[in-house]
1. Among 146, 45, 109, determine the one that fluctuates most according to a GNM of the chain built with springs between C-alpha atoms less than 10 Å apart.
2. Probe radius 1.4 Å, ligands and nucleic acids left out: which of 9, 97 has the largest accessible area, and how do the rest follow?
3. Regarding region 90-144, what whole-number volume in Å³ per residue does the convex hull of its Cα atoms give?
4. As a test of reading the structure, rank 35, 49, 129 by solvent-accessible area (1.4 Å probe, protein chains only), most first.
5. From the helices alone, meaning DSSP H stretches of at least four residues, give me the mean residue ellipticity at 222 nm for the chain, per-run term -39500 (n - 2.57), in deg cm²/dmol to the nearest 500.
6. Check each of the chymotrypsin sites (Phe, Trp or Tyr not before Pro) in region 77-157 and keep only those in coil by DSSP with at most 12 other C-beta atoms within 10 angstrom; list them in order.
7. Quick one: among 81, 107, 115, which has the greatest mean-square fluctuation in a GNM of the chain with alpha-carbon springs under 10 angstrom?
8. Treating only the Cα positions of the chain as identical point scatterers, give the base-10 log of I(q)/I(0) from the Debye formula at each q in 0.14, 0.15 Å⁻¹.
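The values are calculated or read from the model by the stated rules, or taken from the named source; none is laboratory data. From a predicted model like this one, the values you see are computed outputs, not experimental measurements. Cβ coordinates were reconstructed from backbone atoms using ideal geometry, including for glycine residues, and neighbour counts include every protein chain displayed. Accessible surface is based on the protein model in full, side chains and every heavy atom, while ligands, DNA and RNA are left aside. Shrake-Rupley method; radii C 1.70, N 1.55, O 1.52, S 1.80 Å.
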Amino acid sequence: MTATEPLARRRIRGAAFARATLVLLIVVGLDQLTKHTIATSIQPGETRKFLPAINFVHVRNTGVAFGVFSGGGALVLAFTLAALAVLVGYFALRPDRPWLWLPTGMLVGGAIGNLIDRVASGSVIDFIKLPDWPAFNVADMSITFGVLALLWVLEGPRRHEQPPP
């Protein structure tokens, strides 16, 4: 072990946390901006055509993604905080894991975006409506893509593995 290794590790950790924080801030900012825009321009229950097969609506969701566990309150909050603590702890132990900062920022940012609403008003504004699918918001999209990205980072191809013949 050389004297520069601890410094190099600190730099890697700092860069990874900075990237995750930047992603988190972008997600929370976009989420809150879009929810504010919908809340001030579309009345609850109203629908507006946006693109073919995509409508903007203004609905309140007391559950988690796509209305699951509606009315869960303290249980939803406890589960969310526990899951975030596990993820951030894993990230803190492995900041040098390639691309782990991206799903961490997406998941924490999405969770914070929805938690802000849940704490402020007891519900979350969902506004993107696809046919035959529950309404959702930017935070929900970030959480969904964050889970997929996390699975890719954790279970995707390894650099040292050889592709099958």
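1. Answer for the Gaussian network model of the chain: 45.
2. Numbers: 9 100, 97 60 Å².
The residues order as 9, 97, largest area first.
3. Per residue, the Cα convex hull of region 90-144 comes to 89 Å³.
4. On the way: 35 5, 49 145, 129 65 Å².
If we order 35, 49, 129 from most to least accessible, we get 49, 129, 35.
5. Values: 4 runs with 97 residues, N = 165.
Value at 222 nm, helices only: -21000 deg cm²/dmol.
6. Values: sites: 79, 90, 91, 99, 101, 127, 136, 145, 152; in loops: 99.
Within region 77-157, no chymotrypsin sites (Phe, Trp or Tyr not before Pro) qualify (loop, at most 12 other Cβ atoms within 10 Å).
7. Top of the fluctuation ranking is 81.
8. For the chain at q = 0.14, 0.15 Å⁻¹, log10 I(q)/I(0) is -0.78, -0.86.
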